[in-house]
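Here the structure comes first, spelled out in structure tokens, and everything after it is commentary.
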Amino acid sequence: MPLRASDTGLRARLVDVGVDLVAREGAQALTLREIARRAGVSHGAPRRHFPTHLELLSAIARRGFEDLARRAAAAEEDDGDGGAAADPRARLGALGRAYLEFALGNRGMYELMFRHDLLASGHLGLRDTSLPLFSRLVDLVGRARPDADARLVAGALWANLHGIAQLWGWGSLQLATGADDFAPLLRSALDAHLGPQDR
């Protein structure tokens, strides 16, 4: 039976409240009871739309992946002349910068998005939302390094970006490297995985 408009409105409002809550207070604040309270509904109301807490968290995380995908696409288009003829390394740099800026500017959402239990659960097709971004990374790595296994290099580069985001967010990389911007770390990561670039 299709959902009534009022039902879809409440479902969207619960997710909106969750997105706002994770931005303000972090992933640990995302309880069903708190989301219901802030949405102005009874604490049992979310269960009509999200039978489990995991499903509500997945819906909130999906918004994060959609936002990250939009930012990544915009960053790639803004870099250079855009399109298929653009330098894949420059596009990887733009994609990496967008990824790091998202991670550092949305730490609660970023933490939620990469919770293994959400990704492994398959709820709301989170992998369908996250995998196209990884596929884009694989495609660009394949163009930049046609000699390599693009999936493995892309996986290693992604892990490197994830590590930069985590360690920068904690302040560890600034302390260890003396850097005041993550851009040199991003360039070093690209050099490490794609080979040094002529400058």
Inspect segment 24-32 for any residue being under 20 Å from TRP168 (Cβ atoms), in the same structural domain as ARG127 (by TED's automatic domain parsing) and either outside any loop (DSSP other than H, G, I, E, B) or free of Cβ contacts under 8 Å to residues at least 60 places away in the same chain (or both) and give the result as yes or no. no
Of the candidates ALA189, ALA150, ALA176, the one satisfying the condition of being crowded, with 17+ Cβ neighbours inside 10 Å, over 17 Å from TYR99 (Cα atoms) and of a type outside the set (Lys, Arg) is ALA150
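A quick yes/no check of all residues on (1) of a type outside the set (Val, Ile, Thr); (2) modelled with pLDDT of 90 or more; (3) in contact with a strand residue (DSSP E or B) (Cβ under 9 Å, 6 or more places away or on another chain):
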| site | (1), (2), (3) |
| --- | --- |
| THR8 | no, no, no |
| VAL17 | no, yes, no |
| ASP20 | yes, yes, no |
| HIS43 | yes, no, no |
| ARG48 | yes, no, no |
| GLY64 | yes, yes, no |
| ARG70 | yes, yes, no |
| GLU77 | yes, no, no |
| GLY83 | yes, no, no |
Of the conditions (1) surrounded by fewer than 17 Cβ atoms within 10 Å (Cβ to Cβ); (2) free of Cβ contacts under 8 Å to residues at least 60 places away in the same chain, PRO132 satisfies every one except a single condition; which number is it? (2)
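In this structure, is ARG136 among the basic types (Lys, Arg), assigned to a helix (DSSP H, G or I) and under 23 Å from ASP67 (Cβ atoms)?
It is true that ARG136 is among the basic types (Lys, Arg), assigned to a helix (DSSP H, G or I) and under 23 Å from ASP67 (Cβ atoms).
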How many residues does segment 169-199 hold that are within 27 Å of ASP149 (Cα to Cα) and assigned to a loop (DSSP other than H, G, I, E, B)? 6
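The values are calculated or read from the model by the stated rules, or taken from the named source; none is laboratory data. Nothing here was measured: the structure is a model prediction, and the numbers come from that model. As a convention, Cβ positions derive from the backbone with ideal geometry for all residues, glycine included, and neighbour counts pool all protein chains shown.
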